[in-house]
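Below you'll find the structure, written out as structure tokens, and then a few comments.
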Amino acid sequence: MTTALSIRDIGLHYGAAQALRGISIEAKPGRITAVLGRNGVGKSSTLRAVTGINNVSSGEIVFNDEVLKKAPPYKRARLGIGYVPQGREVFPLLTVKENLETGYAPLKAAERNVPDYIYELFPILKSMLGRRGGDLSGGQQQQLAIGRALVTRPKVLVLDEPTEGIQPSIIKDIGRA
Ligand SMILES: Nc1ncnc2c1ncn2[C@@H]1O[C@H](COP(=O)(O)OP(=O)(O)O)[C@@H](O)[C@H]1O
Ligand SMILES: [Mg+2]
């Protein structure tokens, strides 16, 4: 099996402080790859290195045989890296529909639509299209953040703490989706 995403011996610094040292992860197509660890160990930093929000100071990240080097986040989104940040980062004053449409940014004009399967995965989104993101519950916001990432047609979906602070029944729904 080939590798979709390969994190190779990366280091990452915040100023002089080293947050990551020698991290390597292989994510294979069609599989879920999980990163586990206590608070502050560097999970989010690792995922932000994949999305290009933070640049690595050593090592490399390879996506579908392409070394990403210092490609900015918008270019990685165009390549097919979808991101659901820790804390969800839903736009509170935009409606659910508008939040989903922010996922159009990396797409060509002809692809700028919300695929029906997203509403099938998360029916709550369809029934709340006109509501403001900030008025949704935590679990609904999480589904919106995942839906927004799926709108970008990702080839790999990077989820940071997708079940944090969410009630167990919704965690199950998200897990199934
Ligand atoms: N923006 C930042 N500036 C400075 N230090 C940071 C920043 N983000 C995270 N860190 C530090 O990097 C380390 C790893 O944090 P993080 O990647 O958020 O861990 P996790 O997601 O596993 O809880 C921690 O020591 C944290 O304090
Ligand atoms: Mg984190």
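The values are calculated or read from the model by the stated rules, or taken from the named source; none is laboratory data. Remember, it's a predicted structure, so these values are computed and weren't measured experimentally. Note that we place each Cβ from the backbone using ideal geometry, even for glycine, and neighbour counts take in every protein chain shown. What goes into the accessible areas is simple: the full protein's heavy atoms, side chains included, and nothing from ligands, DNA or RNA. Shrake-Rupley method; radii C 1.70, N 1.55, O 1.52, S 1.80 Å.
Does region 143-177 hold any residues that are over 11 Å from the mean Cα position of the chain (by Cα) and part of a helix (DSSP H, G or I), and which are they?
Residues satisfying the conditions are 143, 144, 151, 168, 169, 170, 171, 172, 173, 174, 175, 176.
I'm trying to understand the selection: among the residues of region 61-86, which are open to solvent by 70 Å² or more (accessible area, probe 1.4 Å), out of contact with any Pro (no Cβ under 8 Å at 6 or more places or on another chain) and outside any loop (DSSP other than H, G, I, E, B)?
Those that are open to solvent by 70 Å² or more (accessible area, probe 1.4 Å), out of contact with any Pro (no Cβ under 8 Å at 6 or more places or on another chain) and outside any loop (DSSP other than H, G, I, E, B): 66, 75.
Within region 87-111, how many residues turn out to be among the acidic types (Asp, Glu) and in a loop (DSSP other than H, G, I, E, B)?
1
For region 82-90, state whether one or more residues are within 14 Å of residue 160 (Cβ to Cβ), of a type in the set (Lys, Arg) and either in contact (Cβ under 8 Å) with a residue 12 or more places away in the chain or within 16 Å of ligand 1 (Cβ to nearest atom) (or both).
Yes; the residues of region 82-90 include at least one that is within 14 Å of residue 160 (Cβ to Cβ), of a type in the set (Lys, Arg) and either in contact (Cβ under 8 Å) with a residue 12 or more places away in the chain or within 16 Å of ligand 1 (Cβ to nearest atom) (or both).
Hey, residue 102 hits all of (1) at negative phi; (2) buried (at least 17 other Cβ atoms within 10 Å of the Cβ) but one; which does it fall short on?
Here residue 102 clears every test but (2).
Which ones in region 31-60 are β-branched (Val, Ile, Thr) and surrounded by 10 or more Cβ atoms within 10 Å (Cβ to Cβ)?
Correct list: 33, 35, 41, 46, 50, 51, 53, 56.
Can you find a residue in region 34-44 that is under 30 Å from residue 132 (Cβ atoms), modelled with pLDDT of 95 or more, more than 14 Å from ligand 2 (Cβ to nearest atom) and in a helix (DSSP H, G or I)?
Within region 34-44, not a single residue is under 30 Å from residue 132 (Cβ atoms), modelled with pLDDT of 95 or more, more than 14 Å from ligand 2 (Cβ to nearest atom) and in a helix (DSSP H, G or I).
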